[in-house]
Amino acid sequence: MPSELSVLCLLLLHTGAHGFGILPGKALDHLEITESAILNSTVQVCRALANAEGTDFSFPPQPFTAEAVAFACNAPKSSKSFRQAIISIIFQNVRVDLRHAFNASFHFDDEMFVQGRRIITEGLQAVKASNKQENYEAAREKLGEILHPLQDFYSHSNWVELGNKLPNSNLIRSDTSIGNIADVSRATCRSCDGDDCRNNILEDIIEQRVLTSGYFSVVPLVSTKPRGKCSHGGGIDQTSKIEPTGGINKDTFDSNHGHLHTEAASVAIAATSELLEDVRGAAGDRPFLQMMGITKGSSKTLCFVIDTTKSMSDDIEAVRTVTSSIINSEVGTDNEPSLYILVPFNDPEFGPLIKTTDSRVFMNAINSLSASGGEDEEELSLSGLQLALSGGPSNSEIFLFTDAPAKDRHLRSTVIALIERTQTVVNFMITDSTVTNRRRRSGNIQQQHREISASDAQLYRDLAQASGGQAIEVTKSELPVATSIITESSSADMVTLLQAARSPGKADNFSFIVDETVTKLTVYITGRSISFTLISPTGESQQSSDTTGSLITASQSVGNFKTLQLKKQVGQWEMRMMSTNPYTLKVMGQSPIDFLFDFLEAAQGLITGFDVLDTRPKAGVNGSLLVSVTGSDSATLTEVALIESAGAGEIKGAVLPQGSGNFLVQFERIPSVAFVVRVKGQNVSSTPRASVVFQRQSPINFRASNVTITADSNSILVPGTPFSVPFSVMTSGTEGNFTIRATNSQRFDSTSPTSLFLESGNSTNGTVTLSAPLNTPSGTDVTLTIEAEAPGGADTNYIVLRFSVVNTVTDFTQPVCELLSLRSNCSENCSLSTWALSARVSDGAEGTGVDRVSLKQGNGTMNTSLAADNENVTLVSYSASCCSPDMELQVVDRVGNVGSCFYTLRENPPAAISLSTKVTQSLFLCLSVVVLGLHILTEGGVQ
């Protein structure tokens, strides 16, 4: 059985792979290597936390799955976000083959050892800096990218042929030697003996332990391979046909050195685990798990975007009340939000974005809000929303509170682009000043105000509908009642069974399926003077005017917003809406079963396959989705359809099961109008019933486009240095002058063209240039949205790119420890005696300073303080029972260099040992290799 995500390799890469092999069941590939290391590392972190907290830990069954590991980590409600994090990292890993196929540095080809290590170490600095700023999505993207060259080193170089069984730890450090690298003029290979390449590396290279790697080129008769050098090998490598012929890669069992594939893949897994351990050490255990999408409680984000002008004092008080209620009732429970975000806005200011995992910090930020100003009519509501969408995690839910029109309407399409890319739901809590009570200075005010207000409110309704959220319009006195939706939505495991909108309104019938796993079944309706008939699976019905029916167990109406709590009945329900007024209808419940999906596009060139789209899919042509079912190891999809948002049209796709809850869905046509994604499937039940039919839907409305926009750039910005992002735009529709908009979430200075002339079928290029101020903190991430709009606004597309700001790092040395004293009064009865030590921890004269000292091993008590004579020195005192004779300190400096110091009372080894990172990580890797071995034995061989 292939591992959980290994099947994605058939989807993402087809032929000509330039890295570990791609066929499940025949060889380990980048996807399996990455997944195995992540799952193993996560298990070890959770085990360490459990030991530190004195709680039991049970290893999940082999082979590990995201659901099983999340459960073992006591975070079952994080299984979806954990799986999403793994998929995100893997997508970025695979993308290296698609976008940097012929850049030797990304694959350690052509003896590009120094350049390849630079990619890894600079990326590793970005990962650590992003984690420190809690920008975990940026950290995941960069992590996936650097894992690809790290893993390729072991397949493309002769490291394994030199007899090495452990990783080359110098690949993740900048201050050491990679090894004895072959000089450019030194011959390293001889031609293979026919198909036998086992002995094609020269004997002196092996004996003197000289590092080399294969040269690679796909262009016939054009080769940069120096005389006597090894080739990569394989069908598309043209250098392998030039003396010396053959190759040395170990990508698959069929490769020239395929006899060493298992060894190379095993060391690559160990190296991936080693890098993850370094990231863990720099971040700390809890932040590491957050980067991986695992949190205590729920994986929900509580995000408020709040107008702070003077008229909003009542609204802010309502937000304080609901926040206090959520925090008081849910902190410490399974429903506690994992992340809190607050973005205030007014005019002319918006922000800053406050992001924290600490409920007390969030509550203090809410309490510190004050309402002032706002003499004009409009506020920067969309700017605040853009900041929240850029700074929050994907699949979040945002609540925006305002009583004012948007001053920044030009950001409408940017906000919609971010909603689609992050799949974030936005709810607007609009109080009555927007509709009726804004003061005007002129005489003929009332009629003028009504016309303007209708347009302004419609903008918020449109954005809510695009995201699958609600536009709730109430008076200020009604707002506390309306905020009940926040409490309900902040619960974990909320899934959408149905989402629909009709504007203008019309009579229509909607059906949705309720399965056994769904609880707290709730209907949300927005609109004025709405009537409906609800029909249960048994045929029982209840009218909207019937207050005595048995299907609706509780209902609440406030303003234009209505909620219905339904009696649970398994099966297909029907809602018959009978209103000509605009309305939205949403049905939700709590269930562990949900789904993730991404739009795919076919990659072009020799390296063919699928890449994940950063843009809208192409309209009117075939397209593909990658769908993953979460929350169940036994669920399978039977139908995936694209449902028109404003009508009854639907396009069903061909569902191709890939195993382990993954499905490739192919559509003959992507709709040219807004649509949502709906899935239906079956979940094998533990009850006597064979299976349970379920239905889920994406709340987000998506659009396709005839405009294609592509962009790619280095993902690291250096403050004070201009940063260029080249892009190209092409249309298959109307030609002419296209409007170009480029906005970034940090408001960095930027330049870009405002328009480009496009001829149908031809692409036109442009460049966006950004500049981050010199004082920008390392780890800051910036989201750049580039939009192209057709003449007249008939069509638009976008691309959303995420970059990390990293200041130049000059400190590459690990912090060190100096033992000052070690005392003990240990006796034969260890429980009655203690030992203690004191140590001095520093980062050296040229270092950035010690950032954190933690106890990695030991059951005693540790205290730290700054040295009185040197703020760059930390003093550590530790005491423990003699029954616990070992302790290990982990020390991290301010740029993420990690050092460890081990002390013991045992006679052998000596009382104080300073361990390098390499030694401590090698201990960890031993366990990782054992886990891998268990996985292989469980699977009956290498998969």
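For the chain, what % of the accessible area comes from carbon and sulfur atoms, probe 1.4 Å? Within the chain, the accessible surface is 50 percent carbon and sulfur.
Students often check this: by mean Cβ neighbours within 10 Å, which of 341-349, 804-812 ranks highest, and how do the rest follow? Show your work: numbers first, answer last.
On the way: 341-349: 21.2, 804-812: 19.2.
Highest mean packing first, the order is 341-349, 804-812.
The simple spin-label model puts a point 7 Å past each Cα toward its Cβ; for ASN164 and SER821 those points are separated by 4.4 nm. For the listed residue pairs LYS520/LYS562; LYS296/LYS355; LYS77/LYS567; LYS520/LYS680, the alpha carbons are over 22 angstrom apart in LYS77/LYS567.
Could you grab the relative contact order for region 758-872? Cα pairs under 8 Å, six or more apart, rounded to a whole percent. Numbers along the way, then the final one.
On the way: 113 pairs, mean separation 18.5, N = 115.
Relative contact order, region 758-872: 16 percent.
Summing Lys and Arg as +1 and Asp and Glu as -1 over all other residues whose Cβ lies under 15 Å from the Cβ of SER413 gives a net charge of 0. Computed from Cα atoms, the angle from the helix 79-99 axis to the main principal axis of the chain rounds to 60 degrees.
Candidate cross-link partners of LYS225 among the aspartates and glutamates, defined by an alpha-carbon separation under 16 Å and a same-chain spacing of 8 or more, comprise ASP109, ASP110, GLU111, ASP183, ASP237, GLU243.
Straightening the chain between GLU846 and ARG186 buys 233.8 nm, computed as 0.36 nm per residue apart minus the Cα-Cα spacing. Each Lys or Arg adds one and each Asp or Glu subtracts one; over the other residues with Cβ under 15 Å from the Cβ of SER698, this totals +1.
Report, in debye and to the nearest 20, how large the dipole of region 303-363 comes out about its Cα centre when Lys and Arg carry +1 and Asp and Glu carry -1 on their Cβ. Before the final figure, lay out the partial values.
Details: 4 positive and 10 negative charges, 30 e Å.
Dipole about the Cα centre, nearest 20: 140 debye.
In this rough spin-label picture, where each label sits 7 Å from Cα along the Cβ direction, the ASN622-GLU488 distance is 4.3 nm. Most simply put, the chain has about 85% antiparallel DSSP beta bridges, counting only bridges with both residues inside it.
Subtracting the Cα-Cα distance from 0.36 nm times the residue separation, let me have the gained length for GLN565 to SER455 in nm, one decimal.
36.4 nm
Against the longest alpha carbon principal axis of the chain, how many degrees, from 0 to 90 and to the nearest 10, is the axis of helix 381-391 turned? Orientation of helix 381-391: about 30 degrees from the principal axis.
So with the 1.4 Å probe, I'd like the accessible area per residue for region 186-249, rounded to whole Å².
Numbers: 3170 Å² over 64 residues.
That works out to 50 Å² for each residue.
For region 566-622, relative contact order (Cα pairs under 8 Å, six or more residues apart, normalised by length) works out to 19 percent.
Considering Cα pairs under 8 angstrom that are at least six residues apart, work out the relative contact order of the chain and quote it in whole percent.
Numbers: 2228 pairs, mean separation 95.6, N = 943.
Once divided by the residue count of the chain, the mean separation gives 10 percent.
When each of the peptides 827-834, 311-318 is scored by how many other beta carbons lie within 10 Å of its residues on average, the order from highest to lowest is 311-318, 827-834. Full extension of the chain segment joining ASP749 with THR861 gains 35.4 nm, where the gain is 0.36 nm per residue of separation less the Cα-Cα distance. Straight-line reach from LYS652: taking Cα to Cα under 15 Å and skipping same-chain neighbours fewer than 8 places apart, the aspartates and glutamates in range are GLU639, GLU644, GLU668.
Highest-first packing order for the peptide set 74-84, 406-416 is 74-84, 406-416, based on the mean count of other beta carbon atoms within 10 Å. Between ILE236 and SER394, the modelled labels are 2.5 nm apart [label points 7 Å from Cα along Cα→Cβ]. Exceedance of the 30 Å cut-off in Cα-Cα distance is limited, within the set LYS300/LYS586; LYS128/LYS310; LYS142/LYS618; LYS80/LYS476, to LYS128/LYS310; LYS80/LYS476. For percent of Cα pairs over 55 Å apart, computed directly from the structure shown, the correct entry in (i) 49; (ii) 16; (iii) 34 is (ii).
The values are calculated or read from the model by the stated rules, or taken from the named source; none is laboratory data. All values reported here derive from a predicted model rather than from experimental measurement. In this analysis, Cβ positions are derived from the backbone assuming ideal geometry, glycine residues included, and neighbour counts consider all displayed protein chains. Heads up: the accessible areas ignore ligands, DNA and RNA and are worked out on the full protein's heavy atoms, side chains in. Shrake-Rupley method; radii C 1.70, N 1.55, O 1.52, S 1.80 Å.
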